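The structure under discussion appears below in the form of structure tokens.
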Ligand SMILES: C[S@@+](CC[C@H](N)C(=O)[O-])C[C@H]1O[C@@H](n2cnc3c(N)ncnc32)[C@H](O)[C@@H]1O
């Protein structure tokens, strides 16, 4: 076993492998390996199955800053079947929501929602909602206050516009916003990925957000980039 490096109370790195402290002991969410470090059970966070995990693995300068604080209120647009969400929950909420966090998880797909509703039962602190990230009027009542942390991973056209709109409406001043951008989902033109990523970076900066790091996920999630921003 290589020396463990602690990223947070619930996230450790063993060599190059990320692990999160399992908030639901003995339960593997997506077939990931479970193992004990110093008597505590952790789940392997597969960076090829999770853009957030890939971002954490690849971040050069911001690995310790990307995640929210335990106990934060978070908004996750495009939560899918809950793969990344489960690891995020390990960190923000923990076992029986001992950290008193809250993660509002939105997805458009009823099939995904079914999985998220199951997750909610075993992971208190999660709030799954069937909704469209582009149309917040149907779910904004679930957000009585602005959030500390926003993650968007919707893989559809106009990802940057949807993210900027959500950040302006829902992210606190100084809050952290992560945009997972899939180049192939953008309509721009026949531009290469790098040009698309540069255009989106400019869009984010012009909208008043600080881009702390632009993390290229190539090799883990091809044609993807994770923008780590802060709301001014
Ligand atoms: C790449 S998957 C998400 C994977 C997930 N973030 C993870 O890492 O475990 C993209 C998800 O975005 C959802 N989606 C696409 N467009 C959306 C929209 N406009 N509003 C909400 N969800 C959307 C899809 O249903 C899909 O589940």
Mind pulling the angle between the C-alpha long axis of helix 193-206 and the longest principal axis of the chain? Nearest 10 degrees, somewhere in 0 to 90. 80 degrees
At 222 nm, what value in deg cm²/dmol follows for the chain if DSSP H runs of at least 4 each add -39500 (n - 2.57) and the sum is divided by all its residues, to the nearest 500? -7500 deg cm²/dmol
What spacing in nm lies between the two simple spin-label points modelled at residue 218 and residue 156, each 7 Å away from Cα in the Cβ direction? 2.9 nm
Show me the ranking of peptides 102-110, 155-163, 131-139 by mean Cβ neighbours inside 10 Å, starting with the highest. 102-110, 155-163, 131-139
If each of residue 130 and residue 184 carries a label point 7 Å out from its Cα toward its Cβ, how far apart are those two points in nm? 2.8 nm
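FRET efficiency for residue 206 and residue 146, Cβ-Cβ distance as r, R0 = 25 Å, nearest 0.05?
Here the calculated transfer efficiency is 0.70.
Efficiency by 1/(1 + (r/R0)^6): what FRET value for residue 6 and residue 100, r their Cβ-Cβ distance, R0 = 22 Å, to the nearest 0.05?
Efficiency computed from Cβ-Cβ geometry: 0.55.
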Let me check against my output: what whole-number percent is the relative contact order of the chain, with C-alpha pairs under 8 Å and at least 6 apart? 16 percent
State whether the stretch 175-232 is rounded, prolate or oblate according to the following rule on the C-alpha gyration tensor (a ≥ b ≥ c being the square roots of its eigenvalues): a/c under 1.5 gives rounded; otherwise a/b larger than b/c gives prolate, and the remaining case gives oblate. oblate
Sort out for me the Cα centre separation of the stretch 134-168 from the stretch 1-72, rounded to whole Å. 25 Å
Relative to the longest principal axis of the chain, what angle (0 to 90°, nearest 10) does the C-alpha long axis of helix 159-170 take? 70 degrees
The convex hull of the Cα atoms of the chain, divided by residue count, gives a volume in Å³ per residue of 116 Å³
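Which of the peptides 213-219, 168-174 is most tightly packed, and how do the rest follow, going by the mean number of other Cβ atoms within 10 Å of each residue?
Most protected by this proxy first, the peptides run 213-219, 168-174.
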From the square roots a ≥ b ≥ c of the eigenvalues of the alpha-carbon gyration tensor of the stretch 102-148, which class results: rounded (a/c under 1.5), prolate (a/b over b/c), or oblate? oblate
Cα axis of helix 110-122 to longest principal axis of the chain: angle in degrees, 0 to 90, nearest 10? 40 degrees
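Only the coordinates and a few stated rules stand behind these numbers; no lab work does. Quick caveat: nothing in here was measured; it's all calculated off a predicted structure. When we count neighbours, we look across all protein chains shown, and the Cβ atoms used for this are built from the backbone with ideal geometry, even at glycine.
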